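First comes the structure, then the notes that go with it.
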Amino acid sequence: MRDTTAARRTTAAVWTGGVTAVLAGMPLLARDRLPDRLATHWGLSGEAPDGSMPLWAASLVPALIWLVTAAAVTVPLMRAGPAARPWPTVTLLPMGIVLTGAQAAVVRANLDRADWHEARQPTAWVVAILVAAVLSGVAGWLLVTRLRATPDDATAPDGGAPALDIPKGRRMVWFSRTANPWLQLLAAAIGLVAVGALVALVGGLAEPGGLWALFAGCAAGSLACAVFSSVQARVSERGLEVSFGPLGWPGRRWAPGDIDTARMEVRRPSQVGGWGYRLSGLGTTVMLRAGECLVIRPRGRRSDFAVSIDDAERGAALLNALRTNRTGG
Amino acid sequence: MLLSLDKTDTRPLHEQVAGALRRAIAEGECAPGDRLPSARDLSDALDINVNTALRALRGLRDEGLLEFRRGRGVTVAEGARPHSELQIRARELLDEAARLGYSRTDVIDMIRGLP
C-alpha cells in the first residue's frame, strides 16, 4: 500500500513538473523565431487573431494556470485517503494534454511570423487537442478504476460491522439529528441578500439585468445551505430514513433488506470535498460537520451512502440487527 | 436516542411510549435542551397512531419532563433527568404494591402515614 502511494505521488509530481517545464520552456526555446508579441487568442469567426501577449507572459501564464490547478486538485486529495484516488488522474491527465497542446499550437502558429497579426488560427490543432484530451480522460478513468477494482473489493468492510442485540418481543427505534449552526447562519445571510435584491427589483431601484442574477443565485444558495444545515435520521423496522433541512424534505429511505452493511466512520469535509451533498471517491456523503458518519452500503451497489450524524455507531448497530433479523427469519 | 418497546406489554400504548421516553431521559440518552423527534416521526417509526404519540408527549410535558416550544418543537426540560428517575421509581413502587395486593389508595395512605 505504501509503495503504491509513494509511486502515485512521484508520478503526480513528475507529471506536474514536466508539464510546467514544457509549457514555460516551449516559447523561450523558440524565441529567436518568434515575434515580440505572440498571438494567443483567435475568435470563432475569422482566421486572424484577436488577442496577444508578450513572449514572457505567453510562457508564464499557462504554466501558472497549470500549477494552480494541479495544486488545487492534488493537495485536498492527498489528505483524503486512498478511496478518492481517481480524480487527480482523471483531471490532471487531460488538463496537462490540453495546455501542452494549446501551447504547442500557439508557438507553431507564431513561428517565423514577423508580427502577431499574421498568425493564423490553428484549427486542425484545436480539434486534435480536444480529441486527445477526451481520449486521455477516458483512458485515465479506465486505468485507475481497473487498478482500484481488485484491492477495493477485498477491503470491502463487511467483517466487524457492529450489531445490536434486540431482545425477543422488543421493538427498537433509533433517532438522531445533527445541525450545523454555521450553515444555518450562512443560509440566513445569503437569504437576506436575496430578499434585499428582490426588494430593490420590485422597487425599481436598480438595473434589473444583474440584479435578477444576484437574486436567483442568492436564493438558490440560501436554499441549498438551509436544506443541508440540518439532518434527521431514524432507524426503525421500516429501515433507515434520512431527511434534510428544517422541513424534513427532501429525504431518502432504505428498507432493511435494501442494505448490505451499516457502519460508523469518522469523516472530514476535506475528505469528501466540502460541506453539503457531496459525491466523491468515497461515494455519496451528506456532510454537515467533521466527525461521526453513518455509512451504509446499499444492496447491489458498489458505492456507499454516508451522512454525518451523532450517535452513528448505535444507529448502524440497530440497522445491522434489523437487517439480519429480517434475512435470518 | 434509542427507544425500545415491549411488544408483549399489555398497558395502553401511550403509556408504553411515555415509559420508553422517560427511560431514555433517565438514562441520559437525551440531554436537557435536546430536541425530541416530532409526534409524527415517533408514530411513523413505532408504527402507532399520531394521536397516541402526541398523548404520550403531552403526558411527559405535564410531568415537567418536556417543553413544547413554538418553532423549536419538543425539547427536553432543564433538570428532567432526576425527575424522570423519580417518576420511574414511583411507577415501580405502584407496580410492586399491586403485585403484593395493595391498591393505589393503600399506597397513598401508606405514604401519608410516613413520618
Q | Pairwise label distance in nanometres, residue A:7 with residue A:142, each label 7 Å out on the Cα-Cβ vector | A | 2.0 nm
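What is the mean number of Cβ atoms from other protein chains located within 10 Å of the Cβ atom of each residue in peptide B:1-9, rounded to a whole number?
Numbers: counts 9, 12, 7, 8, 5, 4, 4, 3, 2.
Per-residue shielding by partner chains comes out at 6.
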Q) If you count, for every residue in B:27-40, the Cβ atoms of partner chains within 10 Å of its Cβ, what is the mean? A) 2
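Quick check: net charge around residue A:309, other residues with Cβ under 9 Å of its Cβ, Lys/Arg +1 and Asp/Glu -1?
Values: positive: A:177; negative: A:292, A:310, A:311.
Combined, the nearby Lys, Arg, Asp and Glu give -2.
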Q. Relative contact order of region A:181-227: what whole-number percent is it, with Cα pairs under 8 angstrom and at least 6 residues apart?
A. 57 percent
Q: May I ask you to compute the full-extension gain from residue A:179 to residue A:50, defined as 0.36 nm times their residue separation minus their alpha-carbon distance, rounded to one decimal in nm?
A: 41.3 nm
(Q) Taking 25 Å as R0, compute the FRET efficiency from the Cβ-Cβ separation of residue B:90 and residue B:10 and round it to 0.05. (A) 0.80
Q) Out of the DSSP beta bridges found with both residues in chain A, what percent are antiparallel (nearest 5)? A) 95 percent
Q) Stretched out fully, how many nm does the piece from residue A:132 to residue A:303 gain, at 0.36 nm a residue minus the Cα gap? A) 58.6 nm
**Q.** Label zone at residue B:49 (point 7 Å along Cα-to-Cβ), backbone N below 19 Å, region B:1-41
**A.** B:9-19, B:39-41
Q: Report the relative contact order of chain A, percent, no decimals, based on alpha-carbon pairs under 8 angstrom and at least 6 residues apart.
A: 15 percent
Q | Cα→Cβ-extended label distance, 7 Å offset, between residue A:125 and residue B:114, nm | A | 9.5 nm
Q) Once you average over the residues of A:163-175, how many Cβ atoms of partner chains fall within 10 Å of each Cβ? A) 5
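Scale the Cα Rg of the protein assembly as shown by the rule-of-thumb value 2.2 N^0.38 Å and send over the ratio, two decimals.
With N residues counted in the protein assembly as shown, Rg over 2.2 N^0.38 Å equals 1.42.
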Q. Cα centroids of region A:278-329 and region A:97-150: how far apart, whole angstrom?
A. 42 Å
Q | Packing-based order for A:205-214, A:56-65, A:225-234, using average beta carbon neighbours within 10 Å, highest first | A | A:225-234, A:56-65, A:205-214
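Rule-based calculations on the coordinates, nothing more; no lab input. It should be emphasised that the depicted structure is a prediction, and the values quoted were computed from it without experimental measurement. As a convention, Cβ positions derive from the backbone with ideal geometry for all residues, glycine included, and neighbour counts pool all protein chains shown.
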